[in-house]
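Working notes, beginning with the structure itself.
We did not get these values from a lab; they are worked out from the coordinates using the rules stated. A quick note: this is a predicted structure, and the numbers were derived from the prediction, not measured. Heads up, the Cβs are rebuilt from the backbone with ideal geometry, glycines too, and the neighbour counts pull from every protein chain shown.
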Amino acid sequence: MSAHIDTAAHGHDAHDDHHDDGPVSHSTFKGYMTGFVLAVILTAIPFWLVMGKVIPNANTTSLIILGFAAVQIVVHMIYFLHMDAKSESGWNMLALIFTIVLVVITLAGSLWVMYHMNTNMMPMSVHDMKNMP
């Protein structure tokens, strides 16, 4: 009787030490293989697009590759990092959204600054380049 009182005082039964959050696909072979196959496909398609010169416009190819990269990031987060809106009461997703916002602001600001510096630089001729130290 006293053993039952001791375990009840701690707020849980002795056989119920794990927390069951429902059906979560942590560390299953099928989940890892699905993620691996998707990652290989999402790597092979952009590689083929670049090496085969399938799209003649470099800007279009770059945008398509960036799209594949974004999808691959999501695949890695879901299948390998096991992140979703339910994990740790949504704090993982909130931290991820905050990180994405910071990265987008940093990248957009950097591209904006580089574009305007390139546009506003003084043009140099080939003759001026040869006379540089």
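Tabulated data for the structure shown
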{"read-out": "Qualifying lysines (Cα of each under 27 Å from Cα of Lys30; at least 8 residues distant if same chain)", "value": "Lys86"}
{"read-out": "Rounded FRET efficiency, nearest 0.05, which uses the C-beta distance separating Met77 from Ile45 and R0 of 25 Å", "value": "0.80"}
{"read-out": "Residues Met121, Met33, sorted so that the one with the fewest Cβ neighbours within 10 Å comes first", "value": "Met121, Met33"}
{"read-out": "Residue-wise HN-Hα coupling along region 70-85, computed from phi with Karplus coefficients 6.51, -1.76, 1.60 (Hz; x: Gly, Pro)", "value": "5, 5, 5, 4, 5, 4, 5, 5, 6, 8, 10, 9, 6, 9, 8, 5"}
{"read-out": "Nitroxide proxy distance, nm - points 7 Å out along Cα→Cβ at Ser62 and Val101", "value": "2.8 nm"}
{"read-out": "Per DSSP, loop trypsin sites (Lys or Arg not before Pro) in region 38-133 with at most 15 further Cβ within 10 Å", "value": "Lys53, Lys86"}
